[in-house]
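Okay, structure first, notes after.
The values are calculated or read from the model by the stated rules, or taken from the named source; none is laboratory data. Since the model is a prediction, treat every value here as computed from it, not as a measurement. FYI the Cβ positions are ideal-geometry reconstructions off the backbone, even for glycines, and counts take in every protein chain you see. Keep in mind that these areas ignore ligands, DNA and RNA; they rest on the heavy atoms of the full protein, side chains included. Shrake-Rupley method; radii C 1.70, N 1.55, O 1.52, S 1.80 Å.
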Amino acid sequence: MSERYPKSAALFARARKVIPGGIYGHVTPAATVPGAMPSFAVEGRGCRYRDADGNEFIDFMCGYGPMLLGYHHPEVEAAAAEARARGSAFNHPTELTVALAEALVARIDFADWAVFAKNGSDLTTWAVQVAREATGRRKVLKVRGAYHGTHAWCSPGHGGLLAEDRAHVAEFAWNDEAALEDLFRRHRDDVAAVIVTPFHHPAYADSAEPSAGFVAAVNRLCAAHGALLVLDDVRCFPRLHLGGSHLAYGWRPDLAVYCKAIGNGHPLAACVGRAGYQATASRVFLTGSYWHDPAPLAAALKVLEVAERENVPARLERTGRRFVEGFLALGEKHGVRLRASGPAAMPYVRVADDPGFQKTQDLCAAAAREGVYIHPHHNWFLGLAHTDEEIDEALARIGRALQMQ
Ligand SMILES: Cc1ncc(COP(=O)(O)O)c(C=O)c1O
C-alpha cells in the first residue's frame, strides 16, 4: 500500500483523528480492498482521475454513478459556472427550477410535475411520505437487499435505529411475485407503496434484471390494491433510457426518484409524479437550505441536452458490451472463470466460485496497480467519456491484472 498510496495512507491517518471512521459511507476504503486501492482523489478529466499520490486510473465507477458525461464536462461546467456567477442561495428559486421541472415533465412520459432536493435519500423518503399521504395507509413494501438511502426506514446500517423505524416496512425477494402477493394479502388495505429499483443491484452480490412476470405482477398488484409504485431510479437514470429506466423494463411508476447522474456531479435529486398526486405532494413538507441553488439545476438542464444529443443510453450499451465481452474473453484466455451480471451500461463482473469475494478483491487490487478502477462488490458504471480506445486500453491493463491471478 504505502509504496503506491503513501499520501492516501497519510491523509487517511489524519482523517481518522478528526472524522468518525476517517472516511464513511460507500466510499470507505473498507468497502473496496483496503490498502490496495486509493482512498483520496485530486482531479479528473473525461473517464480518468488522479488520486492523491498522482496515480491515474481509467475509471469504471464514475464517482459511483454521477459522472455520466465524464469528469469536468466542458458544456456542463460552463452552464454551472454561468449560473454560479450570478449567485447561489437566494431568498427565492430562480427560473432554472421551473425550467428543469418542465424539461423532466416533457421527457418522462408519466410525469406531470417535479420537485428537487440534493440527495437520493431526501426524495425516496419524501416519495414514501407522499404515498402515505395519498393513501392514508402505512405499509411500504421493499425488496430485500435493495438500497434506497440513509434514512431510518431503509438504512442498511444498524446504529441509532429503532425497531419502530421499520415497523411499517416489509421486505420481499427480488423477482418473487408470489412473496409480494403474499405481503399484499397480509397487509390488506394498509399498503401505501411498493418501492423498487429498475434492476436489482445489491452490494456484495450479482446484479439481477427483473423478469417480465415480476414487472407485470408489481404493476398489477399496485394498481389492484391502490398502492403507489415508487421507482427508485436514483442510480440508473439516464443510463438505461433517456425517458426514465421504467421504459427499459416496463415498470409503470406513480412516482420516480432520480439523482446521481442528473447533474453530472453537481448535487441534485428530483422526484417526478403523476398528475393525480400533485395536490397530495404539495401537502408533504419539503425543503432544504440549498435546494434551489441554480448551478446544479443549470448543470442538469445541460446534462439532459447532451445526453439526448449524444444518445447516451445507446452509446453506453455499446461501449459497455465491448468492455464486458472483452473482460470475459480475457478471463477465458488467462484461465480465470468470471461471471458478469447487470445491464451493459452498469455491469458487474466478478470471479466465479468466489463466495468470500477474496479472488475478486485480488483482481480489483491488481487492476488498480495497472491503473484501472473497478469495484469488487458494487456494480460499475460506463460513461460517455469511455471511448473505444479507452475501453481497449483498460482491457489491455486488465489482461495484465488477470495474468497475475
Ligand atoms: C438506488 C439508490 N437509491 C437511493 C440512494 C441514496 O442516494 P443518496 O446517496 O444520494 O442519498 C442511492 C445511493 O447510492 C441509490 O443507489
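For region 346-388, the candidate set comprises residues that are in contact (Cβ under 8 Å) with a residue 60 or more places away in the chain, in a strand (DSSP E or B) and in contact with a helix residue (DSSP H, G or I) (Cβ under 7 Å, 6 or more places away or on another chain); within that set, the residue that is least open to solvent (accessible area, probe 1.4 Å) is V372. All of (1) assigned to a helix (DSSP H, G or I); (2) more than 22 Å from V234 (Cα to Cα) hold for Q405 with one exception: (1). Being in a helix (DSSP H, G or I) and at pLDDT 95 or above is a description that does not apply to L286.
Residues in region 81-133 that are under 12 Å from V272 (Cβ atoms) and touching a helix residue (DSSP H, G or I) at 6+ places or on another chain (Cβ under 6 Å): L100, A103, A111, D112, W113, A114, V130. Look at (1) open to solvent by 70 Å² or more (accessible area, probe 1.4 Å); (2) assigned by TED's automatic domain parsing to the domain that holds F60; (3) within 30 Å of A83 (Cα to Cα) and you find that K333 fails only one, number (3). Within region 1-24, the set of residues being among the small types (G, A, S) and in contact (Cβ under 8 Å) with a residue 40 or more places away in the chain comprises S8 only.
Residues in region 195-209 that are touching a helix residue (DSSP H, G or I) at 6+ places or on another chain (Cβ under 9 Å) and either among the small types (G, A, S) or within 14 Å of the ligand (Cβ to nearest atom) (or both): I195, V196, P198, F199, A203.
The set of residues from region 255-280 being farther than 18 Å from G120 by Cβ and either buried (at least 24 other Cβ atoms within 10 Å of the Cβ) or not basic (K, R) (or both) comprises A275, G276, Y277, Q278, A279, T280. For region 135-151, the set of residues classified as open to solvent by 50 Å² or more (accessible area, probe 1.4 Å) and touching a Cys at 6+ places or on another chain (Cβ under 8 Å) consists of Y147 only.
Note on region 210-269: residues that are under 25 Å from A295 (Cα atoms), within 13 Å of the chain's Cα centre (by Cα) and part of a strand (DSSP E or B) total 4. Any residue at all in region 167-176 that is more than 30 Å from G356 (Cα to Cα) and buried (at least 17 other Cβ atoms within 10 Å of the Cβ)? Yes, that holds for at least one residue. Residues being within 28 Å of D190 (Cα to Cα), part of a helix (DSSP H, G or I) and modelled with pLDDT of 95 or more are entirely absent from region 301-312. Residues satisfying the criterion are absent from region 183-191 (criterion: within 16 Å of the ligand (Cβ to nearest atom) and of a type in the set (K, R)). Selection within region 152-165: residues that are more than 21 Å from the chain's Cα centre (by Cα) and not acidic (D, E). The member of this set that is least open to solvent (accessible area, probe 1.4 Å) is L161.
Tell me, which residue of region 113-134 that is over 19 Å from E102 (Cα atoms) and open to solvent by less than 20 Å² (accessible area, probe 1.4 Å) is nearest to the chain's Cα centre (by Cα)? Out of the qualifying residues, it is G120.
Yes/no matrix, rows are residues, columns are (1) under 30 Å from D353 (Cβ atoms); (2) surrounded by fewer than 24 Cβ atoms within 10 Å (Cβ to Cβ):
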| site | (1), (2) |
| --- | --- |
| F199 | yes, yes |
| D206 | yes, yes |
| A217 | no, yes |
| V234 | no, no |
| G250 | no, yes |
| P253 | no, no |
| S282 | no, yes |
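Scanning region 1-41 for residues that are within 16 Å of the ligand (Cβ to nearest atom) and at negative phi yields I23, Y24, H26, V27, T28, A31, T32. Would you please name the residue that is nearest to P294 (Cα to Cα), looking only at residues in region 82-109 that are in contact with a strand residue (DSSP E or B) (Cβ under 8 Å, 6 or more places away or on another chain), open to solvent by less than 40 Å² (accessible area, probe 1.4 Å) and not polar (S, T, N, Q)? Per the criteria, the residue is L100. Against the test of being over 20 Å from the mean Cα position of the chain (by Cα) and within 23 Å of W380 (Cβ to Cβ), the options R315, R274, R322 yield a single qualifying residue, R322.
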